[in-house]
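K.L.:
The structure under discussion is supplied below as structure tokens; questions concerning it will follow.
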Amino acid sequence: MEAKVSLAHGSGGRLTRDLIQSLFLPRLGNDALAELSDAARVQLDGRPMLFTTDSFVVKPLEFPGGDIGKLAVCGTVNDLAVSGGRPLWLSCGLIIEEGLPIAVLERVADSIAAAARDAGVSVVCGDTKVVEAGGADGLFINTAGIGVPIAGYAPGPILHGDKVLVSGTIGDHEAAIFQARENLGRRLAIASDCASLHGLVAAMLATGVAVRVMRDPTRGGIGAALNELLAGSGCSVELEEDAIPLREEVRGMCELVGFDPMYLANEGKLVCFAAAEGAAALLAAMKAHALGAGAAAIGEVAADGRERVYLRSGFGGSRIVAMPSGVQLPRIC
Amino acid sequence: MKFREEFRNKDIARGLLLDIAHAAAGLSPVKFMEVCGSHTMAICRYGIRQLLPHNLMLISGPGCPVCVTTGDYLDRAIALARLPGVIVATFGDLLKVPGSTSSLDKERAAGARVEIVFSPIEAVDLAHDNPDRRIVFLGIGFETTIPAVAIAIKDARERGIANFLVLSGHKLMPPALRALVSGQTSINGLILPGHVSTIIGTAPYEFLARDHGIGCVVTGFEPLDILQGIYMLLNQMLKGTPRVENQYTRLVRPEGNRAGQAIINEVFEPADAPWRGLGVIPNSGLRIREEFAAFDAERAIRIQPEPTREKEGCICGEILQGIKTPDDCPLFGQHCTPVEPVGPCMVSSEGCCAASYRYLEKPLGSKG
Amino acid sequence: MCLAVPMKIESIDGVRGVGSFAEGQYDIRLDLVAEPAVGEYVMVHAGMALDRLDEKEALETLKLLGELYEISGRISE
């Protein structure tokens, strides 16, 4: 392990995973944590519950499609949702940098309130701290969430022949942030897809189709998410590049700066593995929901023991989508 | 005509692959080299290597500026980044390239000001907006990028921006190719870089066919361009007529871009330059001319970079020449990975080794 | 080392211009293009238009590719 924490440790890829597994797990070790799933499964007097937390660090604080407040609510709601949970209560802790305009804080608070209403959750406790200028990039937010499992959802191991589905276009969030920060395009209308997915998940599970596992592909994009989901499964996936929904603006930006959309963060999308026989019905249910209108079946599982993500281009050639090893950098080469 | 989708037509691609397989049938192993990082990237991205017949190998030459940039250049950039009052402006490509003991990324984490820019002009604007700092732009890249840097220097002079400096690490393609083929006998054809050629034209490559009997095709970067380029090279081989052909006619003219050549000449002059793995190649790099010395970071700032140490076991040099493959490297995959790269071939996302590690089951060059 | 994309020139202001590409618009420099015109396509690398794209040549290339496609059809028969 390296001697200092670097930005790459926070990028959601290999280094993040290594940091968690080698530094935290051995010290905190318990079964619930060891699963390293989006939300922990715990029990209160025999009643199953879901518990999760996430911290939100984004620059700029406000961007097309949302702000850090909306992100903080949706992110935690989504961790519960993709664990098959109905979100109920959130905590909200803010670390505010001295000098942040009150007007910004008000807008962020408005967003938190609106997003909570939309997700049907209550923010029942919170905390605020103020740190010296330079200490927090404006504002950091942590939210923790409690939910209850949706009846009838039984996640299971990924099996040969399962289909991989995504709920819509990939990379929108990170592309929007990148554009907001770098201002590369004079006129480039990319908005974050930040949204709460509890309703979409409920609609999906209501079909009764066997959904093996779901994940919201945030940091590291669907590339990281799929690699993580395959770990320990003995299975690989083969994705069809042409089937993966991608907005033209995002495709263009990626071509311009050399980004791979597979690794761009999403904040209002989910990927899932589902039994082949139910995939069509599941896809139909997703498309019928506002947040799943762009849903698509993007690949299939093969129990080949390799645990790799393969991406087949429209030309027939395949490449491996490995776990990302840090933040993607723009290039001219 | 959008000049994009039309050159990605899958049906035509399938047809071209059949033509290629037919033309290559029965030939003893054919080796074509591409010398542009963007070609390596495109070939990997579309999975072209696996679609070619088994007796046709594509190998990657020294066309990735990150790969051929020496540890010495990185060490100097790092020394500059450590100076208070200096902002290093760079293309993202260089951020993770390892110097002897550090990288620009690590320096940034330690508090140095390192900014990623998307164009050299942006670095001039950065200098304008930060008058109390000196902005050093890391000038890497071949003839495709050099005109933009030259224009940035002229812009800075015109705008009276005195705190804009360039550390020239630019390299020239024809001298590199000359050095490459002097040591090589096994390349059957060269896929030449389409965008470098947009600037320099096709004449500078004539010596390859004339003196060395190596067929060349100036090739574009869309999948159909690359496949057509490969097909044209095969035909040259079959007819025994090595020459310089242009596949990328929609952009490359035989005389190249005169304005681009002129501006490079106006601001820069040829200089001997060290290439990773190939050693010092005479007149293969560029130095800023005396007239523009005020913008030369080399002349303007005294630095004490640490002595450059090449990494033991790293055979990036031989890989860049196409003599060895990542397979042959004792460090590949174990001590040298994308997360902890030792040499530039692994750092650069289109470097041979990074491409092998990420995109293929088996390292490049080992077929089957 | 030639990451570049084709952009359509939307407006020109001296050596500066705005190019459109994939539903976006970007600031570009046109110093290397002789007498650029709005509506033309240029290949842009690191914010710099390298040169204009020739539609006639592009169509020629596509025609040639079409012929190669025909040949492949006959091969597989």
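K.L.:
Given the residues A:E228, A:E248, A:E241, which is the only one that is acidic (D, E), more than 14 Å from chain B (Cβ to nearest Cβ) and on the phi < 0 side of the Ramachandran plot?
P.N.:
Numbers: A:E248 fails: more than 14 Å from chain B (Cβ to nearest Cβ); A:E241 fails: more than 14 Å from chain B (Cβ to nearest Cβ).
Exactly one of A:E228, A:E248, A:E241 is acidic (D, E), more than 14 Å from chain B (Cβ to nearest Cβ) and on the phi < 0 side of the Ramachandran plot, namely A:E228.
K.L.:
What are the residues in the range B:118-139 that are out of contact with any strand residue (DSSP E or B) (no Cβ under 8 Å at 6 or more places or on another chain) and within 9 Å of chain C (Cβ to nearest Cβ), if any?
P.N.:
Within the range B:118-139, just B:F118 meets the criteria.
K.L.:
Right, next: Which of (1) within 14 Å of chain C (Cβ to nearest Cβ); (2) surrounded by 24 or more Cβ atoms within 10 Å (Cβ to Cβ) is the odd one out, the single condition A:R186 does not satisfy?
P.N.:
(2)
K.L.:
Take the residues of the range C:25-77 that are closer than 20 Å to B:R8 by Cβ and touching a Lys or Arg at 6+ places or on another chain (Cβ under 7 Å): which is farthest from the other protein chains (Cβ to nearest Cβ)?
P.N.:
Among residues in the range C:25-77 that are closer than 20 Å to B:R8 by Cβ and touching a Lys or Arg at 6+ places or on another chain (Cβ under 7 Å), the one farthest from the other protein chains (Cβ to nearest Cβ) is C:V42.
K.L.:
Just a yes or no: is a residue in the range B:42-57 among the hydroxyl-bearing types (S, T, Y) and more than 22 Å from B:E306 (Cβ to Cβ)?
P.N.:
Going residue by residue through the range B:42-57, those that are among the hydroxyl-bearing types (S, T, Y) are B:46.
Now restrict to residues that are more than 22 Å from B:E306 (Cβ to Cβ): B:46.
The answer is yes; a qualifying residue exists.
K.L.:
Just for strands (runs of 3 or more DSSP E) wholly inside the range B:236-293: which have at least 1 residues that are within 14 Å of chain C (Cβ to nearest Cβ) and touching a residue at least 24 places away in the same chain (Cβ under 8 Å)? Working first, answer last.
P.N.:
Details: elements: B:244-246, B:268-275, B:279-288.
Output list reads B:244-246, B:268-275.
K.L.:
So B:E350 clears everything in (1) surrounded by fewer than 18 Cβ atoms within 10 Å (Cβ to Cβ); (2) charged (D, E, K, R); (3) modelled with pLDDT under 75 except one condition, right? Which one?
P.N.:
Failing condition for B:E350: (1).
K.L.:
Okay, moving on. Does the range A:85-102 contain at least one residue that is assigned by TED's automatic domain parsing to the domain that holds A:G138, at negative phi and touching a His at 6+ places or on another chain (Cβ under 7 Å)? Before the answer, list the steps.
P.N.:
The initial filter retains those residues of the range A:85-102 that are assigned by TED's automatic domain parsing to the domain that holds A:G138, namely A:85-102.
Subset that is at negative phi: A:85-98, A:100-102.
Filter once more, so that each one left must be touching a His at 6+ places or on another chain (Cβ under 7 Å): A:86-87.
For the range A:85-102, residues assigned by TED's automatic domain parsing to the domain that holds A:G138, at negative phi and touching a His at 6+ places or on another chain (Cβ under 7 Å): present.
K.L.:
Show the residue pairs that are 6+ apart or on different chains and have beta-carbon atoms under 6 Å apart, the first residue being within the range A:57-73 and within 11 Å of A:F140 (Cα to Cα), the second being among the small types (G, A, S) and at pLDDT 95 or above.
P.N.:
Sorted first by the residue in the range A:57-73, then by its partner, the pairs are A:G69/A:S111.
K.L.:
C:V15 versus (1) farther than 27 Å from B:F91 by Cβ; (2) modelled with pLDDT of 95 or more: which is the lone unmet condition?
P.N.:
Only one criterion is unmet by C:V15, namely (1).
K.L.:
Of all the residues that make up the range B:196-225, how many are more than 12 Å from every other protein chain (Cβ to nearest Cβ), touching an Asp or Glu at 6+ places or on another chain (Cβ under 6 Å) and polar (S, T, N, Q)?
P.N.:
First pass over the range B:196-225, keeping only residues more than 12 Å from every other protein chain (Cβ to nearest Cβ): B:202-217.
Subsequent filtering for residues that are touching an Asp or Glu at 6+ places or on another chain (Cβ under 6 Å) retains B:217.
So of that shortlist, the ones also polar (S, T, N, Q) come out as none.
Selection size over the range B:196-225: 0.
K.L.:
Can you pull out every residue in the range A:66-114 that is within 18 Å of A:V148 (Cβ to Cβ) and either among the basic types (K, R) or more than 20 Å from the chain's Cα centre (by Cα) (or both)?
P.N.:
Correct list: A:R86 only.
The rows are residues; the columns are (1) at pLDDT 75 or above; (2) part of a loop (DSSP other than H, G, I, E, B).
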site	(1), (2)
B:I303	yes, yes
B:P307	yes, yes
B:G313	yes, yes
B:I319	yes, no
B:G322	no, yes
B:E340	no, yes
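K.L.:
Please enumerate the residues belonging to the range B:17-47 that are at the interface with chain A (Cβ under 10 Å from one of its Cβ atoms) and in contact with a Phe, Trp or Tyr (Cβ under 7 Å, 6 or more places away or on another chain). Give the derivation first.
P.N.:
Applying the first criterion (at the interface with chain A (Cβ under 10 Å from one of its Cβ atoms)) to the range B:17-47 yields B:17, B:36-38, B:40-41, B:43-47.
Scanning the range B:17-47 gives B:S38, B:C44, B:Y46, B:G47.
K.L.:
Here's another thing I want to ask about it. Pick from A:G252, A:G299, A:G234: which is without any contact (Cβ under 8 Å) to a residue 40 or more places away in the chain, more than 17 Å from A:M204 (Cα to Cα) and not β-branched (V, I, T)? Break it down into steps so the answer makes sense when it comes.
P.N.:
Numbers: A:G299 fails: without any contact (Cβ under 8 Å) to a residue 40 or more places away in the chain; A:G234 fails: without any contact (Cβ under 8 Å) to a residue 40 or more places away in the chain.
Checking each option against the conditions leaves just A:G252.
K.L.:
Pick out the one residue from B:R299, B:R258 that is within 30 Å of B:R133 (Cα to Cα), basic (K, R) and surrounded by fewer than 22 Cβ atoms within 10 Å (Cβ to Cβ).
P.N.:
Working: B:R258 fails: within 30 Å of B:R133 (Cα to Cα).
After applying the criteria, what remains is B:R299.
The values are calculated or read from the model by the stated rules, or taken from the named source; none is laboratory data. Here the structure is a predicted model, which is why all the values come from computation and not from measurement. All Cβ positions, glycine included, derive from the backbone under ideal geometry; neighbour counts span all protein chains shown.
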